[in-house]
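Please treat every number below as a calculation from the coordinates, not as lab data. Quick caveat, the model's predicted, so the values are computed rather than measured. For neighbour counting, all protein chains shown are included, and Cβ atoms are generated from backbone atoms with ideal geometry for every residue, glycine included.
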Amino acid sequence: MFESGIGPGARSDRFGTWSLISFLLLFLPFSSFLFPIGFGLLEWIPLLACALTTLGALGCGLVGVFIRDQRRPAFHGLLKAAVPTVVGVSVFLFILALSSLNIE
């Protein structure tokens, strides 16, 4: 993944692909049959991989947008990482909103 000659746009595209794949692994239907109560180890691994590859795709993509030869793959990587980013931020904001409610 980090061989010489690969720019940040190409890295963003690769990270975006793995971000989307690991995001889809979070919603596999058989994972609920393996661990029906809460998150098991097999469900934390794709969650951590999704978070790290999404951050990698966003970071490399934002750098690659400003390099002329890397713009197209950088945009592809940013678009692939958009879905996990939007879902992750919306879940975070939902949990934040629920934690600030005063229910007595």
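Quick look at the numbers
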| read-out | value |
| --- | --- |
| Simple spin-label estimate for Leu98 and Arg71 in nanometres, 7 Å along Cα-Cβ | 4.3 nm |
| Cα→Cβ-extended label distance, 7 Å offset, between Val87 and Ala51, nm | 1.6 nm |
